[in-house]
Structures are given as structure tokens and as C-alpha cells.
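Inspection log for the structure reproduced underneath, given as C-alpha cells.
The values are calculated or read from the model by the stated rules, or taken from the named source; none is laboratory data. No experiment lies behind these values; they were computed from the predicted model shown. Cβ placement follows ideal geometry from the backbone for every residue including glycine, while neighbour counts extend to all protein chains displayed. Note: accessible area is taken over every heavy atom of the protein model, side chains too, but ligands, DNA and RNA are not part of it. Shrake-Rupley method; radii C 1.70, N 1.55, O 1.52, S 1.80 Å.
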Number of protein chains: 2
Amino acid sequence: MFKYRSPELDEVRLQDGFLAPRQHTNGKVTIPSAVRQCKDTGRIDAFRLQWREGMPNKPHIFWDSDFAKVLEGMALQLMIDPSPELAAELDGYVDLVISAQQPDGFLNTYFTQVEPEKRWDRLITNHQLYCAGHLMEAAVAHFQATGKRKFLDCMCRYADYIATVFGPGPNQKKGYPGHEEIELALCKLYDATGEKRYLKLAEFFVDTRGQSPNYFQTEEGVAEDYLPVVQAHLPVREQQTAEGHAVRAVYLYCAMADLAAHTGDTVLLTRCEEIWKNITEKRMYLTGGIGSTLRNERFTCDYHLPHDGYAESCASIGLIFFTRRMMNLTGEACYADVLEQTLYNGALSGISLQGDNFFYVNRLETGADTWEYGVTYARERRPWFSCSCCPTSFCRFLPQLASYCWSYAQEELRLEIPAAGQARFRGCQVEVQSQYPYDGKIRITFHGQGQFTFSCRVPGWCKQICVSLNGQDQNALQRQNGYLSWNRLWQDGDIIELTLEMPVEIIRADLRVSSCRGKVALQRGPLVYAVEGLDNAADPGALLLNPESDWQLEPVQGLPKGTLGLRGKGWKESLPNACGLYSNATPRYEETSILAVPYALWQNRGDTRMSVWLRNGKGC
Amino acid sequence: MFKYRSPELDEVRLQDGFLAPRQHTNGKVTIPSAVRQCKDTGRIDAFRLQWREGMPNKPHIFWDSDFAKVLEGMALQLMIDPSPELAAELDGYVDLVISAQQPDGFLNTYFTQVEPEKRWDRLITNHQLYCAGHLMEAAVAHFQATGKRKFLDCMCRYADYIATVFGPGPNQKKGYPGHEEIELALCKLYDATGEKRYLKLAEFFVDTRGQSPNYFQTEEGVAEDYLPVVQAHLPVREQQTAEGHAVRAVYLYCAMADLAAHTGDTVLLTRCEEIWKNITEKRMYLTGGIGSTLRNERFTCDYHLPHDGYAESCASIGLIFFTRRMMNLTGEACYADVLEQTLYNGALSGISLQGDNFFYVNRLETGADTWEYGVTYARERRPWFSCSCCPTSFCRFLPQLASYCWSYAQEELRLEIPAAGQARFRGCQVEVQSQYPYDGKIRITFHGQGQFTFSCRVPGWCKQICVSLNGQDQNALQRQNGYLSWNRLWQDGDIIELTLEMPVEIIRADLRVSSCRGKVALQRGPLVYAVEGLDNAADPGALLLNPESDWQLEPVQGLPKGTLGLRGKGWKESLPNACGLYSNATPRYEETSILAVPYALWQNRGDTRMSVWLRNGKGC
């Protein structure tokens, strides 16, 4: 059982200066831009099923997933920002998608038009079940947003058809997806319909994964050393570390958490806890990025976190999905800490402030020697990619931002992230006023009346607080598991005032992380800071922080009103000209001031170089 | 025209403690071990042409090259260490190879037995011409070592057949190898036979490369962005930077240098100079390693030199081959500096002192977070690899070591690297006595009599020298282009005494190299040093050098007699236990002494962690 649930999108609302504008931009820019890209590239026309060999825009095996994620985003956006135009546009696209369903329930534009004879071939690479999963998530969101069942019913038919193909029966395939996604989608389908058979199918896919004989090896000839890339090296109940392709991995872990909640399977829960710890204690960037290498976009080994690693946007978003489920399952504060860290840093860094350019990879440093390889772009955001999972992930992620700020139980409301906004709960409207994440002063006002527990998370980064209820000092209140709680009959006008002390912290990594040795990062509140070349006297790599420096808050030119940079002292290092690639030259140090800006906002003011981790002190 | 030539292997000899033992080990261990591996894996039996589908040990497209390199190594080894047993063994293998030649001259075990209909398909990947090139090099070495023409004639027949297939004629293929090698081999075939047609064929392959329309694109459907990987993105006369797969690149540049020498083509010479500068001034590790990434084992971009990059052993050896040609072409001292740097560090690091284990990749750092990916091994040397180019490269590289220490011109003998040994030149035996590279005191004694110029290189790393001839101070002697020269009638018993001051140098990299910022490396003479965990109080990553430290020379337990380590002062850094992956904890520093050993000798005393670049000074 989930102890908490995420709020519905119409129960909560954001009104802050950091997150809310991203939601607004999603409706105005990000979704329309993704729709246009889907149109221009043929991803929408693919559903007309009129493509024939020789025509342009040949459908691709994972195109359906891209458009499905845009549809899901449109539906979620409708819930936070109702619009008849958007509703009509979505309805038209939903009809188009439904029209592509085959009589037996199958719905996949590539395998209907391009390789119909290979419907279920090579699950390891063909993304059939992945595309199905994203369509299911879109259908559930559409149902929740509109109450219309047509898309949901269509996807139930598809799921029912898939359940005839895959399963434990004698004539059924024992396979499972090369890219996980359908497992968590089937859990959502179960949530939306109450039909246990969808949960059963999710369980089948999760439980069959990695069993011996290994389906990918025996049926598809996949080499053994590739199995960890798709989390099929072991049965999931024997997996204790995060392995392989990071997005696939966290999508699988989402489903494992869902199943643990729905079935009470304590082994699955323990595995989820262990894997989550492995990620966050040994394999995660300070920004909440995961997956350290382009090579299979994968987790590598403990403490291997090079600044020029991968940290795909979709993977950070997926880590939030997984972590949110763990919050709901356990109610432990450590999960909300990581969710907040990822949300405010490595997830939002993936999208430009204007909402139409995206990082596929989120590096922690770019410099003169930044190598941009292949199809990924590390230095500048791009509007679209040939594999364009990341832009469409933001379409569906951004409308959910408010839901990450609150947790709901039967008789408890938790404020997880005190961004300005509000929540409805048991007859009360709870309003949060703050300049969070730039300021720790939080004012929570209750409108209406209701008996329930109200809990307020004290973030893990916060060492000192000051709290009052209706002006009365509450500093003696014991925190329970990281939360301040009051159970009472809330009255109209009740006010909690909470101040989270938010000094600039000098962060160091475990010494086993070689890329961070001798370096520090700046963090204030939940925000990890980055130094951009354009604000400073030199490329960030040539700067050294003065460990004695005070740090002042300072508005930043060219970033949204309210953005606070950190201004401190340091040195600029230089070597004599023309001393060559390697020399015994002695460096010179000039005093300089250093400005750092929130990592999530970097590269929004023109091309520049950047570093999160900076050298600390003149070494010599 | 080459201004200098490399000495023949019977003109020179090594008697030092650093290089000569590697040559001895090559004959006793490395070559026999490679022969055994070739036998066990089927690489030798493949030449019997009795493999049929279903049998074990299916030949592979590049197996011929491995065995060819072993044969070349056996022939070269025979020249420095004659042995009737080795000669007989080699002769038997040569007969076997010759027996595999087809009536039309073709000789390739894979394309004769496995895919005979695809002889010249997919040059981009199929390594046909690469294998042919290595067989030609082996044949030339066999001819030089034994005077027997059978293998040479066999390969001339093969080359003549290839010249019917490839060329400018109307029915000839306009292709060229995906992995360069045959170009430089054809130049050697020309040197050995005087037949201009082999030079012409080499020119055809070099000149056709990268011309438009691009053969790989039009004939083999290769994507444009892959072309730089095989140096086919531009005609070679328009290439100014080192691009793509590092081994392929340097093999191409070898042939370009050979052709520049033989044809007087100044454009090719200029390109070679520019590319060599691009490599050594922007894309080379301090150790002489090249190719910064596993991804296509390639050059990346300027200053991109991560410690966990690639630096394949074969690539360093290939850089020596290219650099040696540039030495011979130009006589400039910069080339000998890089040759020495590569030879004493990143090339010899690839092989264990015992001679039977090899690094494929030569990292500059290993630690707790070292990720070993795929088929390559970064932490420990291995006896063999599925793609086993590196072990067999050593078989043929080690016998040539003495030849890198001297350059010959008509009337000039140059001592390039003053390792103990001797050279025969115009009636004189010139003997070098030294403890080089551990000591800079060099004593050069002339035996016999001869009129010629004797030149002695003053290495680029050396800032101060002291020199005398027959006891008479020669310190006023002007260096010409980095060399001290005396033209005279050398008399029996003439003695030059030269002292190269060899302090420990603290080396820094250009600040654009992000991996090296805030770090220094230790170098003494030509040797780059590395810190191994097993000699020290902590993993190298937790150590900081004291910039005020003196450095003492110290014998090293477990390394060959005469090996000198560097002993200095520093600190061991630690963070409080259990402060997590990221924290605001304050590090502690304990004073410690630090021992560094020559990089080329690391990981010869059991598994340990290592770093070349060390943090300098306590940052705070």
C-alpha cells in the first residue's frame, strides 16, 4: 500500500517564480513546439497509416512514444490550465490515434505500416511495448483530464490484445520489453480502470525479466554482457544495484515500486530501497543526474561521475518518477530530499527558460576541451533531436510540478517543497507564500476549517529553522522523521511561519569520486550553482574559489526577476603564453570576484562555458 | 628525401637497464607467448585453409595481421639476437603462410575460407588491405633478417595482384583501406625491391583517400559523419588536424611521410608537419598516449585528454613510427623529444616487465571509480584480447628499440637517446655508457678511426648540460638545432663526457586541459612518474603534493635493479566517515611522504591504483 498519494493536478497549484513559469511556458511554447516538430517530422501523419515504401518520413520504431508523450502532456496541461482550444486539438489527435488501431487491438504505426510481419520481433531493440506503454499513459491522462473513455478503452483493447500474446500460457511469448515503460503504464491502467488483469500483466513483465533461460539470449541471440544494459542480467528480485541504461532502469524501478505497493511484496520493496540507495549514495550527480556515460546511456560503477558524463534529461525526470513512488510508499524524508535536489537542478536544466530548446545530456562542466560526440549536444540546447525523447518528456513532466510539492494521506497533508502555491485538502485551502527556492521564509495560511495533520518537511540541506503557529513559537516541536507535524482543527486564518536557514554551503564529494577531488560546489537551499564564463573574468576552469570568501546574494542580469546569484572572491589562474601543452611553468594568480548562477538556468544567455565543481584555494 | 635513416638493427645495440631487458624478454617471453596464443586461437591453423563451416576457430577478418606482426617480430628479433631455433621456426611459419597464397596472388585466410565471394567488399570494415600490409611488412623483415626472398616474392605477387584490382584504370576499384597500413607497407616493399610500382600503388591509396565522390559513401553507404574516423573526410592534402581512429591515423601519416620523402612532395610534408604539431601540441597525453576515447578509439578535439581516456598501446607505438619518419625527413630535434617521451612512457607502459601481459588502453589514473568497459582493460594488463593488436605490436616494436637511439646520415652519426649501447658507423664503434634514463651522466667512447660528424641530442627537457671532449671543456660549443656536433677524424679512445642535468620537474598542462587543472605531474629526465597506491599511505587520489617538497631519488622494492623512484612530501586527505556522497564536511590533512615510480613500470607489483597527475598543495 502507498502510505501517501500524489495530489491530483486540480488539487494543487503553483504560484512561485521558479516552477510556475515553466508550467506556463509548457502550455504556450513547449507543447506547441513539440506538436509542430511531430507534424514536421511525420510523427503525426504516421497515425494516418498511409505511408508506403518510397514516401518521405518513414515511420520509426519509437515515434509513437514521442507523440504519445506530447498527448499526455496536453492532457495534463489541460488539468492545470483549462483551454477549450487545447481540449479540441487534443480530442482531434486522440481520434487520429484511435483510428490507427487494428481490428485485433494492435496499435503501432511502425509495425502496422513498415514491418507488419515483425510485430513482436526483437523486443530487445524494437520498442513495441515501450510505445504501447506511452500510449497507455497518454490515455490515462486523457481520461483523467476529460472524463472521456474513448482513448482509455482503445488502450484497454490494446492491453488485452498484448495479454493474449505475452504471458505464462503454453502458446504465449515469455518475453518482455527491451525498454521498460509498459510495466508502469499497466499499473496506471489498473489504477484508472480497477481491472486487476492489467496489474497481472505488469507483474508478468516485471517477474519474467531476467529469469533463466533468458528470453533475450535464447530467443533473440543477445550477448550475455549486454543483458545488464536492459536490466535483464538477473531476476528483478535479485537486483540490488542500478545497472544499465538509466532511463530504462528507473522506469523498471517505478513499476517495481508500484507492484510493491499494490501487492504488498516486501522483497520488491526492499530491492527498490536498495537500488534507490545505490543510485543516490553512489551513482548520482550532485544535480540529480544519473547515467554516467554515452555508452548505452548507462549507469557505470560506483563513484564514477565524470563531469562530461551523460545525465540524460529523461533519466533525471525518471528518477523523480521513481523517487515520488518511494515517497508515497514509505513516507521517508530522504526521498523528498532527492526529489527536490533533482527537480531544482538536473531536471530543469534540460529545458531552456523559453521552453523550446533542450539538453539531451546535462554535463557538469563545459570548457575548451568539451567534446561533443555523435547525436548528443552538451554545450547548447537544441529544439529537437533525431531521438527526441527528452523534449517530449518535458511536455508531460512540467504540468506535474505542483504535485511534487505536496503529499496526501487520508488524514494528513504534507508540504514537501514550500514553493509558493496552494493545495485543497479536507475542506481547507492551504496557501504557501514564499520566495522559495531563493528564500527560506515560508508563510502557510489556512483558509476554511478542517481537522487533519499538517506536516511540513524540513529539507535535509537545512541545519537550522525557526517556526511559529499563529505567532506562537514552535521551535521546541520535535521533528518526526524529518517533518514538523500538527494535528488539529485548522481554522480559517491559521498561519504557520517557518524560516529555513539557507546559507551558502561549500559542498565536497566523497573522495572516491575522482572528478571532484580538490573541488567544491556551491549550494544554497535546494539550488546547486554553476559558474558561467560570461559572468566572470575567465573560463570557469581557470577560476579558483577563495575558501575564506563570504558569499553575497546578487540579482543576475538576463535571468528571470528574482533570480539570485552568488558573488564571492577567488583567483584567476594563468600560465605564461606559449609554454606549450606541458611545461614546468609557474602559474600566476590574480584576485577576481566570482559570480555563480543556479545550474538549472545555465546557458540561457548565449553560448558560454560552465562548471559546477570549482577548484578551492590556490594550491601553491 | 630522408635526411637521415634509421640504423639497421645489426648496426646498433642496446646494453642499458631499461630498454635492453625488454628486447631480451621479447625473444624469451613475448614472442613465444604470442605464438602460443596464435596457435591456441586458430590464427596459425587458419593458414592451412582447412577450416569449414561448423568447425571451431572460425577465421576472423583481422587474424592474418596478428600472426603477420608476430612473424615480423620474429624476423626482427633474429636480427638482434640470432638463434638457429628461432630461424627454423620462422622459416616453417613462412612456408605455411606462402602455402595459403591463391593462384592469382590473393592471400587472406578469412576471405579465402569464409566469404570467398566477398574478397573486396566493405573495405571500410573488412581489413583486407590492412592484413595484406602487415604480411608485406613481415615479408620485408624476413628478407632483411634472412636474405631469403621466398616470402618477399610471395608478397610482391600479392601486391601485384592488388594493383590489378585497385587503381585509376577503367575497370579498377577506386577504393582504399578502412584501416590504413598497406600504404606504409608498400613503401617498405619499394625500399626492399626498388620496384617503383609499389610506391605508385601506395600513392594511389593515399591520394585517392577522401576524394570526392567519396568511395565509402558511394560504394559502401557509409554515413558522412563516420568518414573522419577513417581519415576519409577530406583528401589527405587538405587534412591539417589529426582525426579519427588514432592507430589508423598515424599509420596513414607514416605513409604520407614516406611518400613525401620519396617523391619530394612538399604539400604532403607540410601536412605531416601540421598534423604532427596538432597531435603533440594539443592532442597527446604527457605520456605520449594518443586517442582520447574508446568511442572509435579516436582523436577527439584539442585539449580533450581525460585521465580515463584511451591511449591505446598500438597508437603510441604508431606515433613513434610516424615521429621516427619525421625525424628522418627533417632532422628537427622536436621529433626526437616526442619519440623519447612516448617510448619511455606510454609505449612501454603497455607491456608488463615479464613480457606476457599487456594494456590495450593506457590510462593516466585508476581509482575506486575506474570503469572498465567492454573488451578493454584499464586496471590490469592481460595476456591477450579478442582484438589482440597490442600484444603483437610489441613483438615487432621491441626489437627496434636500439634503432630509435641513433640516426644515420651519409657523414653524420647522431646519438638521439643516450641509452647505454653501441653503434657501428664508418669504421668506428661508438660506445655509450650511462645509467640513462635514471642518470644524465653519459660517456661516449670511440673505438677505431673515422672522419664524420658526431652529433649528440640535448633533450628538450634538459635545461643545463656539461660537456667535454677528451677532458677538454666543450661547454661553449653552440648547439645547432638542439644538437651538439663535432666534425673530426675520430680516433680510437676519443671520449665525450656529457652530463644532462636531470632535476625533478613539476609539470603543468595548458589550462584548457580540464582533467589536469589544479594538478601537476612529476617528470625527471624523459621519465614521467606515477604514484601507485601500494607504495603510499592512501590511494593516489587522496594524496596532495607539498609544493615546497624536495624530491629524493630512492630505489624501489620489487622493480628492476637500478629503478629510481621519487620520494617527496605531501598530505593525505580524508573526510569524516559517513558524510555521504555529497556533504559540507571539512577535509582533514595528515602529513605523509609520497613515492612515485616511472609510469612505464606501473602495475608490475600487483593490482593497485595509480595516478600520474596529482593535486598540488592543500587547497584550503
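A few remarks follow.
- Cα centroid of the range B:497-558 to Cα centroid of the range A:483-509, whole Å: 51
- Sorted shortest first, the distances from the residue B:562 label point to those of the same residue in the other copies are 7.2 nm; each point sits 7 Å from Cα along Cα-to-Cβ.
- Cα gyration tensor, the range B:9-406 - rounded (a/c under 1.5), prolate or oblate: rounded
- Multiplying each eigenvalue of the alpha-carbon gyration tensor of the protein assembly as shown by 5 and taking the square root yields semi-axes of 61, 38, 25 Å, largest first, rounded to whole angstroms.
- Computed FRET value (nearest 0.05) for residue A:48 with residue A:149, which takes r as the C-beta separation and R₀ as 22 Å: 0.40
- Stretchable slack from residue B:607 to residue B:267, in nm (0.36 nm times residue separation minus alpha-carbon distance): 117.6 nm
- Look at the dipole of the protein assembly as shown built from charges on Cβ: of B:9, A:422, B:251, the Cα furthest out on the positive end belongs to A:422.
- Listed residue (A:367, A:394, A:413) projecting farthest to the positive dipole end of the range A:341-428, Cβ model: A:413
- Sequence-ordered 3J(HN,Hα) estimates for the range A:15-25 from the Karplus curve with 6.51, -1.76 and 1.60 and θ = phi - 60° stand at 9, 8, x, 9, 8, 4, x, 5, 5, 4, 4 Hz, glycine and proline given as x.
- Cα shape, the range A:134-286, gyration tensor, a/c 1.5 rule: oblate
- Distances, shortest first, from the label point of residue A:115 to those at the same position in the other copies read 2.0 nm; the point lies 7 Å along Cα to C-beta.
- Average Cα contact separation per residue, chain B, under 8 Å, 6 or more apart, as relative contact order %: 13
- Inter-label distance for residue B:491 and residue A:588, nm, one decimal - labels placed 7 Å from Cα along Cα-to-Cβ: 5.4
- Extending 7 Å from the Cα toward the beta-carbon at both residue B:57 and residue A:574 defines two label points whose distance is 6.5 nm.
- Only Lys, Arg (+1) and Asp, Glu (-1) charged, at Cβ; the range B:518-620 dipole about Cα centre in debye: 140
- Candidate aspartates and glutamates for bridging to residue B:28, where Cα separation is under 13 Å - those fewer than 8 sequence places away on the same chain excluded: B:81, B:85, B:356
- Percentage relative contact order, the range A:250-357, counting C-alpha pairs under 8 Å, at least six apart: 27
- Helix content alone sets the calculated 222 nm mean residue ellipticity of chain A: runs of n ≥ 4 DSSP H residues at -39500 (n - 2.57) each, divided across all residues, give -10000 deg cm²/dmol.
- When a 1.4 Å probe is rolled over the protein heavy atoms, the share of accessible surface on the range B:9-406 that falls to carbon and sulfur comes to 49 percent.
- For the range A:410-500, carbon and sulfur atoms together expose 41% of the accessible surface, with a 1.4 angstrom probe and every protein chain in place.
- Placing unit charges on each Cβ (+1 for Lys and Arg, -1 for Asp and Glu) gives the protein assembly as shown a dipole about its Cα centre, and among A:187, B:314, B:138 the Cα reaching farthest toward its positive end belongs to B:314.
- Net dipole in debye of the protein assembly as shown [+1 Lys, Arg Cβ; -1 Asp, Glu Cβ; about Cα centre; nearest 20]: 340
- Normalised per residue, the volume of the convex hull around the Cα set of the range B:504-616 (Å³): 124
- Whole-angstrom gap from the range B:247-305 to the range B:112-128, using each part's C-alpha centre: 28
- Sorting B:373, B:198 on solvent-accessible area from highest to lowest, probe radius 1.4 Å, gives B:373, B:198.
- Scanning chain B for trypsin sites (Lys or Arg not before Pro) in DSSP loops with at most 10 neighbouring Cβ atoms within 10 Å leaves B:53-560 as the longest stretch between them.
- Separation between Cα centres of the range A:367-441 and the range A:573-607, rounded to whole Å: 32
- Gyration tensor verdict on the range B:310-436 (Cα atoms; rounded if a/c is under 1.5, prolate if a/b is larger than b/c, oblate otherwise): prolate
- Candidate cross-link partners of residue A:572 among the aspartates and glutamates, defined by an alpha-carbon separation under 20 Å and a same-chain spacing of 8 or more, comprise A:365, A:369, A:532, A:535, A:539, A:548, A:550, A:590, A:591, B:510.
- The phi-based Karplus calculation (6.51 cos²θ - 1.76 cosθ + 1.60; θ = phi - 60°) puts the 3J(HN,Hα) values of the range A:317-327 at 4, x, 5, 5, 4, 5, 5, 4, 5, 5, 4 Hz, whole numbers, x for Gly and Pro.
- Percent antiparallel among DSSP beta bridges (both partners in the range A:504-616, rounded to 5): 95
- Using a 1.4 Å probe over protein heavy atoms, the accessible area lost on pairing A with B, summed over both chains, comes to approximately 4600 Å².
- For the set A:58/A:118; A:69/A:150; A:282/A:618, the pairs lying more than 26 angstrom apart at their alpha carbons are A:282/A:618.
- Beta bridges per DSSP, both residues in the protein assembly as shown: antiparallel share near 90 percent.
- Antiparallel bridge percentage (DSSP; both residues within chain B; nearest 5): 90
- For the range B:169-226, the Rg and Dmax computed from alpha carbons only, in angstrom: 12.9, 39
- Nitroxide proxy distance, nm - points 7 Å out along Cα→Cβ at residue B:426 and residue A:36: 7.7
- 19 Å cut-off, amide nitrogen to a point 7 angstrom out along residue A:470 Cα→Cβ, residues in the range A:426-462: A:427-432, A:443-456
- Selection of GluC sites (Glu not before Pro), the range B:346-404, meeting DSSP coil and at most 16 other Cβ within 10 Å: B:372, B:380
- Cross-link reach list, lysines versus residue A:277, counting only Cα pairs under 26 Å and skipping chain neighbours closer than eight places: A:3, A:188, A:463, A:519
- Per-copy distances of the residue B:301 label point, shortest first, in nm (7 angstrom along Cα→Cβ): 2.8
- Residue mean of other protein chain beta carbons inside 10 Å, B:567-577: 1
- Rolling a 1.4 Å probe over the heavy atoms of the protein chains gives the range A:410-500 an accessible area of 44 Å² per residue.
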